[in-house]
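The values are calculated or read from the model by the stated rules, or taken from the named source; none is laboratory data. These numbers were taken from a predicted model, which means no experiment stands behind them. With ideal geometry, Cβ positions are generated from the backbone for all residues, glycine too; neighbour counts draw on all protein chains shown.
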There are 2 protein chains.
Amino acid sequence: MNTEMIRAAEARIGGALRRTPMLWAPGLDAIAGRRVWVKAECLQVTGSFKARGGWSAVSALAPEVRARGVLAISSGNHAQGVAYAAREHGVQAVIVMPRDAPRAKVAGTAALGAEIVTYDRLRDSREAIGARLAEERGMTLILPYDAPEVIAGQGTVGLEIARQAREAGIGAADVLVCCGGGGLSAGGAVAQAAPAPPPGVGPGGPARFDDTARSLASGRRESNARLSGSICDAILTPSPGALTFPILQRLAGPGLCVTDAEARAAMAAAFAHLRLVLEPGGAVALAAALFRSDAVDGEAVIAVASGGNVDPGLYCEALAGDLP
Amino acid sequence: MNTEMIRAAEARIGGALRRTPMLWAPGLDAIAGRRVWVKAECLQVTGSFKARGGWSAVSALAPEVRARGVLAISSGNHAQGVAYAAREHGVQAVIVMPRDAPRAKVAGTAALGAEIVTYDRLRDSREAIGARLAEERGMTLILPYDAPEVIAGQGTVGLEIARQAREAGIGAADVLVCCGGGGLSAGGAVAQAAPAPPPGVGPGGPARFDDTARSLASGRRESNARLSGSICDAILTPSPGALTFPILQRLAGPGLCVTDAEARAAMAAAFAHLRLVLEPGGAVALAAALFRSDAVDGEAVIAVASGGNVDPGLYCEALAGDLP
């Protein structure tokens with residue numbers, strides 16, 4: 001993975017997706033004790049940065065391969081990214097989703113014209129279902145993070161941050177990224193290593209699902225014991241990716257972890273101070289910026305708000321306490 | 001009021017405020033039956049377009065006048081706009097707010113360092129309180145809409161929309177604006193009359209508080225019988241302004257009205273499809289775009305989402321039903 005691949009992904013994306021804004025608010029600065037910039041990927045088409053990786057991967061397929069359709073296994077954000085890219089390229093998408101995926105994500109995926117195949121998290125092997133469908137239909141499986149073109153697509157967030165940081169005159173700033181399998185963290189790290197300005201990429205992950213932080217500490221890919229039990233559905237992965245982890249080892253700072261309660265508080269802060277809707281897994285980097293400020297260096301911090309696809313019930317639970 | 005005044009306001013604002021994005025989503029297009037663009041002024045600094053008028057007015061004062069401080073009477077969005085401009089200019093702001101103003105707006109105004117003086121909507125004359133404070137302290141009263149520099153500031157939204165419409169290749173599109181006293185509608189209409197692209201400005205107002213629609217129909221400034229009883233607190237005004245109404249007569253299309261239920265549904269749609277937090281009064285133009293599509297011409301419609309300062313309780317009521 002190198003910056004040329006990320007620039008090529010950006011060129012393929014062209015004007016099909018959004019350059020999302022970097023926002024700040026006095027109320028967030030007051031909580032963190034420094035300027036907090038929020039890269040609002042919840043405003044991306046499909047509501048998360050995953051549209052970038054999906055577009056990058058689908059657009060990189062040879063036309064005759066792409067014509068047979070694409071397949072993804074996802075609880076919702078990668079699903080919508082791939083479904084959107086497929087629709088805009090005029091090809092079919094099949095998405096394998098867990099039966100308990102958030103309704104907002106299932107509805108969003110279906111509205112983009114994808115065929116949805118559901119599975120039971122406990123009883124079924126999603127990999128087996130995906131392999132069978134790929135075999136039967138000749139479709140190409142688009143992996144959620146452990147694929148070069150997907151990592152390159154997510155890395156375009158990093159290129160944009162570097163440019164926007166220059167435009168805004170931001171000097172030294174840590175960049176915090178919500179981290180599941182590590183596609184965004186790895187792509188962002190590669191993108192930012194090149195043009196230089198914002199230095200560290202700190203992968204945030206939900207506490208108790210701290211595979212990335214433990215792996216970075218131990219130097220080998222550690223696994224989570226469980227894959228459910230956090231509200232941060234978007235970033236619960238078994239372990240860092242085979243492709244993403246070596247990149248993170250080389251370029252990323254140590255992993256940060258936040259609690260579900262801190263993710264909820266960050267959602268409430270984004271509601272009150274930025275008028276942005278974040279999902280729990282999309283709020284962990286902001287939570288780290290706000291509530292782990294001792295772990296961050298520099299006058300400013302840049303947090304990627306990676307997604308905003310959340311069911312109203314869970315969202316309103318996050319707004320139920322005193323607003324930060 | 002002319003475009004030169006709006007351009008001068010834009011020059012005074014410079015980089016102090018945001019060029020807010022224009023967003024769209026497949027789910028909104030499906031409801032409206034055409035492409036719906038949303039000018040996301042809820043992402044403006046202070047959470048509403050009112051930061052523009054506040055900055056324009058405060059920055060236009062002679063330094064020795066400004067130094068004595070500024071005063072505003074507002075339930076919250078104009079309050080924060082003036083408070084922010086005052087703070088950034090290093091002068092004091094006093095804001096006269098109704099005792100029942102949304103807590104989010106009171107908190108936001110206080111956090112910007114303004115002194116808040118409360119009044120009782122039923123018993124007190126806010127004008128008398130304002131006049132006394134202005135007299136006693138030598139402060140300049142910044143009116144919420146019936147002042148040329150305020151109208152010019154709000155008109156910068158129109159300049160941006162015209163530019164963004166060109167950049168996005170939007171041909172003919174009606175522009176719908178949330179309308180209380182008419183500052184945004186009038187300023188926007190003047191701004192858009194000049195560079196031409198988007199033609200109509202349709203002021204949206206809450207049903208039963210349809211002073212603007214009735215005034216445009218009758219040709220004279222009509223009043224509302226009451227000033228409470230709608231969730232759209234931001235846009236409940238007694239009647240169109242003395243300065244704004246003649247501009248609207250000359251340049252705006254007929255007024256559109258939506259119900260509180262439709263404003264709530266537009267809030268829910270913005271949550272689900274754009275991940276934007278809108279307040280009821282900031283959602284009425286989007287509500288008109290989504291649910292009054294027979295009153296709109298053209299392949300596309302541009303709705304200004306004018307603000308997002310809302311208390312969590314009211315917000316979650318809007319999300320309680322089926323999402324549109």
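Just for region B:47-65: of the residues that are free of Cβ contacts under 8 Å to residues at least 60 places away in the same chain and assigned to a helix (DSSP H, G or I), which one is nearest to residue B:76 (Cα to Cα)? Quick ask: steps written out before the conclusion?
Taking region B:47-65 as the starting set, the residues that turn out to be free of Cβ contacts under 8 Å to residues at least 60 places away in the same chain are B:51, B:59, B:62-64.
Next, only the ones that are assigned to a helix (DSSP H, G or I) stay: B:51, B:59, B:63-64.
Values: B:51: 11, B:59: 20, B:63: 26, B:64: 27 Å.
Going through the qualifying residues, I end up with B:51.
Take residue A:19 and decide whether it is out of contact with any Phe, Trp or Tyr (no Cβ under 8 Å at 6 or more places or on another chain), among the charged types (D, E, K, R) and within 14 Å of chain B (Cβ to nearest Cβ).
Values: out of contact with any Phe, Trp or Tyr (no Cβ under 8 Å at 6 or more places or on another chain): yes; among the charged types (D, E, K, R): yes; within 14 Å of chain B (Cβ to nearest Cβ): yes.
So residue A:19 passes the test.
Of the numbered conditions (1) surrounded by fewer than 20 Cβ atoms within 10 Å (Cβ to Cβ); (2) over 30 Å from residue A:58 (Cα atoms); (3) not polar (S, T, N, Q), residue A:25 fails exactly one; give the number of that condition.
(1)
Checking residue A:30 against (1) more than 14 Å from chain B (Cβ to nearest Cβ); (2) surrounded by fewer than 16 Cβ atoms within 10 Å (Cβ to Cβ), only one condition comes out false. Which one?
Of everything listed in (1) more than 14 Å from chain B (Cβ to nearest Cβ); (2) surrounded by fewer than 16 Cβ atoms within 10 Å (Cβ to Cβ), residue A:30 misses just condition (1).
Tell me, please, whether a residue that is farther than 19 Å from residue A:274 by Cα, assigned to a helix (DSSP H, G or I) and either in contact with a helix residue (DSSP H, G or I) (Cβ under 8 Å, 6 or more places away or on another chain) or modelled with pLDDT of 95 or more (or both) can be found in region B:74-86.
Taking every residue of region B:74-86 in turn, at least one turns out to be farther than 19 Å from residue A:274 by Cα, assigned to a helix (DSSP H, G or I) and either in contact with a helix residue (DSSP H, G or I) (Cβ under 8 Å, 6 or more places away or on another chain) or modelled with pLDDT of 95 or more (or both).
Of everything in region A:128-160, what is among the hydroxyl-bearing types (Ser, Thr, Tyr) and assigned to a helix (DSSP H, G or I)? Give them in sequence order.
Listed by number, the list holds a single entry, A:156.
Restricting attention to region A:176-223, which residues are assigned to a loop (DSSP other than H, G, I, E, B), modelled with pLDDT of 85 or more and among the hydrophobic types (A, V, I, L, M, F, W, C)?
Answer for region A:176-223, where residues must be assigned to a loop (DSSP other than H, G, I, E, B), modelled with pLDDT of 85 or more and among the hydrophobic types (A, V, I, L, M, F, W, C): just A:179.
Across region A:292-324, what is the total count of residues that are within 25 Å of residue A:174 (Cβ to Cβ) and in contact with a Cys (Cβ under 8 Å, 6 or more places away or on another chain)?
5
Condition first: within 11 Å of chain A (Cβ to nearest Cβ) and not small (Gly, Ala, Ser). Now tell me which residues in region B:270-313 satisfy that.
Step one: of region B:270-313, the residues within 11 Å of chain A (Cβ to nearest Cβ) are B:270-279, B:282, B:305, B:307-313.
Of everything in region B:270-313, those that are within 11 Å of chain A (Cβ to nearest Cβ) and not small (Gly, Ala, Ser) turn out to be B:271, B:273, B:274, B:275, B:276, B:277, B:278, B:279, B:309, B:310, B:311, B:312.
Here is a yes/no grid of residues against (1) surrounded by fewer than 24 Cβ atoms within 10 Å (Cβ to Cβ); (2) more than 14 Å from residue B:16 (Cα to Cα); (3) within 14 Å of another protein chain (Cβ to nearest Cβ):
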site: B:46; (1), (2), (3): no, no, yes
site: B:49; (1), (2), (3): no, no, yes
site: B:53; (1), (2), (3): no, no, no
site: B:56; (1), (2), (3): no, no, no
site: B:66; (1), (2), (3): yes, yes, no
site: B:69; (1), (2), (3): yes, yes, no
site: B:72; (1), (2), (3): no, yes, no
site: B:78; (1), (2), (3): no, yes, no
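Can you name the residue in region B:80-92 that is within 14 Å of chain A (Cβ to nearest Cβ) and of a type in the set (A, V, I, L, M) and is also nearest to residue A:27 (Cα to Cα) among such residues?
Narrowing region B:80-92 to residues within 14 Å of chain A (Cβ to nearest Cβ): B:80-81, B:83-88.
Filter once more, so that each one left must be of a type in the set (A, V, I, L, M): B:83, B:85-86.
On the way: B:83: 14, B:85: 16, B:86: 17 Å.
Taking the candidates together, the pick is B:83.
Looking only at region A:269-295, count every residue that is part of a loop (DSSP other than H, G, I, E, B) and crowded, with 24+ Cβ neighbours inside 10 Å and tell me the total. Don't jump to the end; show me each part of the working.
From region A:269-295, those part of a loop (DSSP other than H, G, I, E, B) are A:275, A:277-279, A:283, A:292; that's our starting set.
Filter once more, keeping what is crowded, with 24+ Cβ neighbours inside 10 Å: A:275, A:277-279, A:283.
So the count comes out to 5.
Against the condition within 14 Å of chain A (Cβ to nearest Cβ) and in contact with a helix residue (DSSP H, G or I) (Cβ under 6 Å, 6 or more places away or on another chain), how does residue B:25 come out, does it pass?
Details: within 14 Å of chain A (Cβ to nearest Cβ): yes; in contact with a helix residue (DSSP H, G or I) (Cβ under 6 Å, 6 or more places away or on another chain): yes.
Criteria met by residue B:25.
Just checking, how many residues over region B:33-43 are in contact with a Ser or Thr (Cβ under 6 Å, 6 or more places away or on another chain) and more than 10 Å from chain A (Cβ to nearest Cβ)? Break it down stepwise before answering.
First, the residues of region B:33-43 that are in contact with a Ser or Thr (Cβ under 6 Å, 6 or more places away or on another chain): B:33, B:40-41, B:43.
Keeping just the survivors that are more than 10 Å from chain A (Cβ to nearest Cβ) gives B:33.
Number of matching residues: 1.
Across region A:161-175, what is the number of residues that are crowded, with 19+ Cβ neighbours inside 10 Å and assigned to a loop (DSSP other than H, G, I, E, B)?
Looking only at that region, the number is 1.
Given the options B:38, B:96, name the one that is more than 30 Å from residue A:45 (Cα to Cα) and not in a helix (DSSP H, G or I).
B:96
Taking only pairs six or more apart or across chains, which ones have beta-carbon atoms under 8 Å, a first residue in region A:238-255 that is without any contact (Cβ under 8 Å) to a residue 40 or more places away in the chain and assigned by TED's automatic domain parsing to the domain that holds residue A:189, and a second residue that is surrounded by fewer than 24 Cβ atoms within 10 Å (Cβ to Cβ) and not in a helix (DSSP H, G or I)?
Qualifying pairs under 8 Å: A:238/A:223; A:238/A:224; A:238/A:227; A:239/A:221; A:239/A:222; A:239/A:223; A:239/A:224; A:249/A:219.
To keep it simple, each residue is scored yes or no on (1) on the phi > 0 side of the Ramachandran plot; (2) acidic (Asp, Glu); (3) not assigned by TED's automatic domain parsing to the domain that holds residue B:65.
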| position | (1), (2), (3) |
| --- | --- |
| B:90 | yes, no, no |
| B:95 | no, no, no |
| B:98 | no, no, no |
| B:106 | no, no, no |
| B:112 | no, no, no |
| B:119 | no, no, no |
| B:127 | no, yes, no |
| B:136 | no, yes, no |
| B:152 | no, no, yes |
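Could you say which residue among B:133, B:122 is at pLDDT below 95 and closer than 20 Å to residue B:227 by Cβ? Explain how you work it out, then say what you get.
Numbers: B:133 fails: closer than 20 Å to residue B:227 by Cβ.
Matching residue, one of B:133, B:122: B:122.
State all residues of region B:303-324 that are crowded, with 24+ Cβ neighbours inside 10 Å and more than 15 Å from the chain's Cα centre (by Cα); if no residue qualifies, say none. Show your work before the answer.
Of region B:303-324, the ones crowded, with 24+ Cβ neighbours inside 10 Å are B:303-310, B:315, B:318.
Selection gives B:315, B:318.
Can you pull out every residue in region B:224-237 that is in contact (Cβ under 8 Å) with a residue 12 or more places away in the chain, outside any helix (DSSP H, G or I) and small (Gly, Ala, Ser)?
If the condition is that a residue be in contact (Cβ under 8 Å) with a residue 12 or more places away in the chain, outside any helix (DSSP H, G or I) and small (Gly, Ala, Ser), then B:228, B:229, B:230 are the ones that fit.
Within region A:225-252, can you find the residues that are surrounded by fewer than 19 Cβ atoms within 10 Å (Cβ to Cβ) and more than 16 Å from residue A:183 (Cβ to Cβ)?
Across region A:225-252, the qualifying residues are A:225, A:226, A:227, A:228, A:229.
Among what's in region A:101-119 and is touching a strand residue (DSSP E or B) at 6+ places or on another chain (Cβ under 9 Å) and in a loop (DSSP other than H, G, I, E, B), pick the residue that is modelled with the lowest pLDDT.
The first filter runs over region A:101-119 and keeps only residues touching a strand residue (DSSP E or B) at 6+ places or on another chain (Cβ under 9 Å), leaving A:101, A:105-106, A:109-110, A:112-119.
Of the ones still in play, those that are also in a loop (DSSP other than H, G, I, E, B) are A:101, A:112-114.
Details: A:101: 89, A:112: 94, A:113: 94, A:114: 96.
So, considering only residues that are touching a strand residue (DSSP E or B) at 6+ places or on another chain (Cβ under 9 Å) and in a loop (DSSP other than H, G, I, E, B), the one modelled with the lowest pLDDT is A:101.
Only one of B:121, B:99, B:103 is within 14 Å of another protein chain (Cβ to nearest Cβ), surrounded by fewer than 23 Cβ atoms within 10 Å (Cβ to Cβ) and either under 23 Å from residue B:13 (Cα atoms) or not aromatic (Phe, Trp, Tyr) (or both). Can you tell me which? It would help to see each step written out before you state the result.
Values: B:121 fails: within 14 Å of another protein chain (Cβ to nearest Cβ); B:99 fails: within 14 Å of another protein chain (Cβ to nearest Cβ).
So the residue among B:121, B:99, B:103 that is within 14 Å of another protein chain (Cβ to nearest Cβ), surrounded by fewer than 23 Cβ atoms within 10 Å (Cβ to Cβ) and either under 23 Å from residue B:13 (Cα atoms) or not aromatic (Phe, Trp, Tyr) (or both) is B:103.
What is the residue count in region A:33-44 for residues that are charged (D, E, K, R) and buried (at least 24 other Cβ atoms within 10 Å of the Cβ)?
Here is the first cut: in region A:33-44, the residues charged (D, E, K, R) are A:34-35, A:39, A:41.
Now restrict to residues that are buried (at least 24 other Cβ atoms within 10 Å of the Cβ): A:39, A:41.
Within region A:33-44, residues that are charged (D, E, K, R) and buried (at least 24 other Cβ atoms within 10 Å of the Cβ) number 2.
Does at least one position in region B:201-221 carry a residue that is more than 14 Å from chain A (Cβ to nearest Cβ), of a type in the set (A, V, I, L, M) and within 16 Å of the chain's Cα centre (by Cα)? Walk me through it before giving the result.
First, pick out the residues of region B:201-221 that are more than 14 Å from chain A (Cβ to nearest Cβ): B:201-221.
Then drop every residue that is not of a type in the set (A, V, I, L, M), which leaves B:201, B:207, B:213, B:216-217.
Then keep just the ones that are within 16 Å of the chain's Cα centre (by Cα); that gives B:201.
Yes, the conditions are met somewhere in region B:201-221.
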